[in-house]
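Q: Pasting a structure below so you can have a look.
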Amino acid sequence: LLADEVGVGKTLSLAASALVSVIMNDGPVLILVPSTLTEQWQIELKDRLAMPTARWNSTRKCWIDPEGRIIKGQGTPDVARCPYAIGIVSTGLIVHGIDEHGRPKEGTEAQHLLQRRFGMVILDEAHKARGSQPMGQSERTPNNLLKFIVRISERCKHLLLSTATPIQTHIDDLWDLLKALNQSSEF
């Protein structure tokens, strides 16, 4: 869990970790970020670390290469077959692709990603993966992003979470993230 202020290099630290994972042949890297940051991540990784990546275009259901070219494919199932070692996908697709029981909806990007294994999964803006305690209930209810992260954590060798937003609302929000990090851990 990397929690630090804006502008101190979290993106580059995470990208360097992804590069090491690729070099170590751990498997493909999945980077989950808000849709407004997918292109920014792709540009930063290319410009600062010379790392070519592909980003998922949710409208056209295809990958976009570092030069902005569309990589033609078969639609939604292609999200699980990134043509590069590192793929960048919007967290919005994940939020809308999970049902109330934490299962992926049929035919969504979330479903296809949960059928894959990854060397590393990176979640930027991890503070958005959290639970809440509805009025009159004693149990916390995870939101869809947290449900997905808990499930995908069992399908990856390394999970990195990043946030520049301090956990201000409730201490349980931090425990929610630590629970995701603890999934399938041996120690």
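The values are calculated or read from the model by the stated rules, or taken from the named source; none is laboratory data. Given the structure is predicted, the values throughout are model-derived calculations rather than measurements. Don't worry about glycine lacking a Cβ; one is built from the backbone with ideal geometry, like all the others, and counts go over all protein chains shown. To get the accessible areas, we keep the full protein, side chains included, count just its heavy atoms, and leave off ligands, DNA and RNA. Shrake-Rupley method; radii C 1.70, N 1.55, O 1.52, S 1.80 Å.
Q: If we keep just the residues of the range 52-68 that are open to solvent by less than 80 Å² (accessible area, probe 1.4 Å) and more than 18 Å from the chain's Cα centre (by Cα), which is nearest to THR11 (Cα to Cα)?
A: PRO66
Q: May I pose another question? Determine if the range 69-79 includes at least one residue that is over 17 Å from the mean Cα position of the chain (by Cα), in a loop (DSSP other than H, G, I, E, B), at pLDDT 95 or above and surrounded by fewer than 17 Cβ atoms within 10 Å (Cβ to Cβ).
A: So far as the range 69-79 goes, yes, one or more of its residues are over 17 Å from the mean Cα position of the chain (by Cα), in a loop (DSSP other than H, G, I, E, B), at pLDDT 95 or above and surrounded by fewer than 17 Cβ atoms within 10 Å (Cβ to Cβ).
Q: Same structure again: Can you tell me how many residues in the range 120-137 are within 15 Å of the chain's Cα centre (by Cα) and surrounded by fewer than 20 Cβ atoms within 10 Å (Cβ to Cβ)?
A: 2
Q: Restricting attention to the range 86-106, report how many residues are open to solvent by 50 Å² or more (accessible area, probe 1.4 Å) and either at pLDDT below 90 or more than 18 Å from ASN144 (Cβ to Cβ) (or both).
A: Residues in the range 86-106 being open to solvent by 50 Å² or more (accessible area, probe 1.4 Å) and either at pLDDT below 90 or more than 18 Å from ASN144 (Cβ to Cβ) (or both): 3 in total.
Q: Among the listed residues TRP63, TRP41, identify the single one that is under 23 Å from ARG117 (Cα atoms) and part of a strand (DSSP E or B).
A: Only one candidate qualifies: TRP63.
Q: If I ask for residues that are open to solvent by 20 Å² or more (accessible area, probe 1.4 Å), touching a helix residue (DSSP H, G or I) at 6+ places or on another chain (Cβ under 9 Å) and not in a loop (DSSP other than H, G, I, E, B), which ones from the range 1-36 would you list?
A: The answer is LEU2, ALA3, THR11, LEU12, ALA16, LEU19, SER35.
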